[in-house]
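The values are calculated or read from the model by the stated rules, or taken from the named source; none is laboratory data. Keep in mind the model is a prediction, meaning the values are calculated, not measured. Positions of Cβ are backbone-derived with ideal geometry, glycine not excepted, and every protein chain shown enters the neighbour counts. These accessible areas exclude ligands, DNA and RNA; they are computed on the full protein's heavy atoms, side chains included. Shrake-Rupley method; radii C 1.70, N 1.55, O 1.52, S 1.80 Å.
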Amino acid sequence: MRKDKKLKIRTATMDDLEMIAAVEAECFPAAEAATKEEFAKRLQHYSDHFWLMFEGEKLIAFVDGFVTDEADLTDEMYEKAELHNEHGAWQMIFGVDVAPVYQHRGCASYLLRRVILDSTIAGRKGIVLTCKERLVGFYSRLGFMDEGMSASTHGNVAWHQMRLTLAHTTG
């Protein structure tokens, strides 16, 4: 990343739809990628649960997912944005997208730490995501525990379910 361009993180608006869909198409095969129409529904229901990272005006990475009381991530969640429950216990993560030219530079880790912080502040029980075998170690380094193979068959891929239970102090 160029030092003269500042990085910023913010939540999404419908105006970000084209950029989000473009980054997703760069990051995932068509069978796994969300469509522009699916992102439009997601933005209508939970735009505050999109964490966007920009270098200058260019979207370089994002994390998205909704909140639910369901403890496990299911394929239905990807398809039904209306299942979002702002007061739910679990922050689900549907995608961690980093434009290929920005990968392996810490963008995903930085964004996920922000999601962890925001989820902690919101009082969530934790965060759940699914990932391919090759990424289990990456998410483990951020504190996620591998719960084994997910029931999800999204994109006809085998997924591991990863969970980060958040510690909350009381008193």
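Among [x] 166; [y] 118; [z] 143, find the value of volume of the Cα convex hull per residue in Å³ that was calculated from the structure presented, and write down its label. Here volume of the Cα convex hull per residue in Å³ agrees with entry [y].
Heavy atoms only, 1.4 Å probe, whole protein assembly: order LYS125, LYS132 by accessible area, highest first.
Correct descending sequence by accessible area is LYS125, LYS132.
Counting only protein heavy atoms and a probe of 1.4 Å, the accessible surface of the chain is 52% carbon and sulfur. For region 1-70, trypsin sites (Lys or Arg not before Pro) meeting the loop criterion (DSSP other than H, G, I, E, B) and having at most 14 other Cβ atoms within 10 Å: ARG2, LYS3, LYS5, LYS6. A convex hull fitted to the Cα coordinates of region 17-90 yields 93 cubic angstrom per residue. For MET92, nonlocal amide neighbours, meaning residues 5 or more places apart or on other chains whose placed amide H falls under 5 Å from its own, are PHE66, VAL67, THR68, VAL128.
Projecting label points 7 angstrom from Cα along Cα→Cβ for ALA31 and THR11 puts them 3.5 nm apart. Based on the Stokes-Einstein relation at 10 °C and a viscosity of 1.306 mPa s, and on the Kirkwood radius from alpha carbon pairs, region 1-41 is assigned a translational diffusion coefficient of 135 µm²/s.
The reciprocal of the average 1/r between distinct C-alpha atoms defines the Kirkwood hydrodynamic radius, which for region 72-139 equals 13.4 Å. Within region 130-157, which residues have the backbone N less than 20 Å from the label spot 7 Å out from GLN103 along Cα→beta-carbon, could you tell me? Once the point is set 7 Å along Cα→Cβ of GLN103, 130-142, 154-157 turn out to lie under 20 Å by backbone N, inside region 130-157. Based on C-alpha pairs under 8 angstrom that are at least 6 apart in sequence, the chain has a relative contact order of 19 percent. Ligands, DNA and RNA are left out, and with a 1.4 angstrom probe the accessible area of the chain is 53 Å² per residue. With N the number of residues in region 62-110, Rg(Cα) / (2.2 N^0.38 Å) evaluates to 1.34.
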